[in-house]
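Written below as structure tokens is the structure these notes are about.
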Amino acid sequence: MTLPRSSDPPSAAEPLPEQLLQDAAATFGMLAATARLQIVWLLASGERDVTTLATEIGGTVAAVSQHLAKLKLAGLVHARREGRRQVYVVDDPHVVETVRQVVHHHEELRTLPRGRFTRSAGA
């Protein structure tokens, strides 16, 4: 089955395969933690080591390391060694684009007068 691209016009969709739904839900679940979402957001603009990330998000190195380990296990980031430090980078440009779209969507919602955003029928 070929999935429609986001630029394709909306059409009646077939149900998605269960494994694809589970994989997508796992990715969204990984990004549901605000700390991990912030880490991916920061890594989307360039690679960083764990100490830099911890400073930027206001967390401990240990906590950020745990989040990075989960993101790495999920295949969303990867690391490479530079001397004595590990440098992290987002491994999937699709995830970067999804995070950027969601963040920009919510930025736009904040600028709309209350009640101006309505969901389409069936949403």
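The values are calculated or read from the model by the stated rules, or taken from the named source; none is laboratory data. Since this is a predicted model, take the numbers as computed values, not measurements. Ideal geometry is used to build each Cβ from the backbone, glycine not excepted, and the neighbour counts take in all protein chains shown.
A single entry from A74, A79 fulfils the requirement of being crowded, with 16+ Cβ neighbours inside 10 Å and modelled with pLDDT of 95 or more: A79. Residues that are within 15 Å of V96 (Cα to Cα) and of a type in the set (A, V, I, L, M) number at least 1 in the following helices (runs of 4 or more DSSP H) confined to segment 32-84: 34-43, 61-73.
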